[in-house]
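This report concerns only the one structure given below.
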């Protein structure tokens with residue numbers, strides 16, 4: 001399984017879509033309570049559920065890892081189920097937070113991890129281009145600063161996504177991942 005981590009607007013979703021569309025991977029679908037964005041689909045991008053449903057699942061130990069953010073629009077929960085990792089195969093991609101990656105490692109779930117790295121300036125520009133609300137963009141930016149401390153030591157590979165074509169980034173990940181499978185990592 002490929003595990004991708006990166007700050008908000010680092011290109012995680014774009015890289016994942018490229019890997020799915022051109023290299024035959026599939027995405028591990030996680031769960032969230034945040035509002036669905038334009039062009040997102042329930043069951044494709046995320047499983048969009050209510051806070052009440054999320055908390056019910058949480059009380060039943062449904063999630064391997066979860067996270068919540070206090071946003072200007074309310075609390076947003078994110079999580080991925082134990083069962084989704086148990087059924088994942090070598091062609092599965094999981095997009096994770098650093099704490100999610102740590103949980104995977106604690107449960108001895110095998111994955112090859114990639115950190116998508118971009119500059120703070122690029123992140124801020126992408127937030128503007130994406131149309132993120134200023135207060136929420138700033139909150140996410142500041143939260144990421146804390147969450148990603150020491151990330152280079154947690155992942156197998158750091159991938160630069162600064163001023164690169166997304167197809168080149170995906171090709172690099174695919175090549176490194178297939179190489180790690182051959183080595184038995």
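Read-outs throughout are calculated quantities, based only on the coordinates presented, and are distinct from any laboratory measurement. For clarity, every value in this text was computed on a predicted model and none was experimentally measured. Here the Cβ positions follow ideal geometry from the backbone for every residue, glycine too, while neighbour counts run over all protein chains shown.
Counting DSSP beta bridges in region 41-169, what percent are antiparallel, to the nearest 5?
That works out to approximately 60 percent antiparallel.
Give the relative contact order (percent, whole number) for region 29-87; include only Cα pairs under 8 Å separated by 6+ residues.
Relative contact order, region 29-87: 38 percent.
Report, as a whole number in µm² per second, the diffusion coefficient that Stokes-Einstein gives for region 29-87 at 10 °C and 1.306 mPa s using the Kirkwood radius over alpha carbon pairs.
In µm²/s, the coefficient rounds to 135.
Do the sum for the chain: with -39,500 (n - 2.57) for every DSSP H run of n ≥ 4, divided by all residues, what is the mean residue ellipticity at 222 nm, to the nearest 500 deg cm²/dmol? Numbers along the way, then the final one.
Numbers: 7 runs with 78 residues, N = 185.
Result for the chain, helices only: -13000 deg cm²/dmol.
So, in nm, how far is label residue 133 from label residue 108 when the simple model puts each one 7 Å beyond its Cα toward the Cβ?
In this crude spin-label approximation the distance works out to 4.5 nm.
Which order do the peptides 35-47, 5-17 come out in when sorted by mean C-beta neighbours inside 10 angstrom, highest first?
5-17, 35-47
Quote the relative contact order of the chain in percent (integer), defining contacts as alpha-carbon pairs under 8 Å separated by 6+ residues.
Contact order relative to length: 33 percent.
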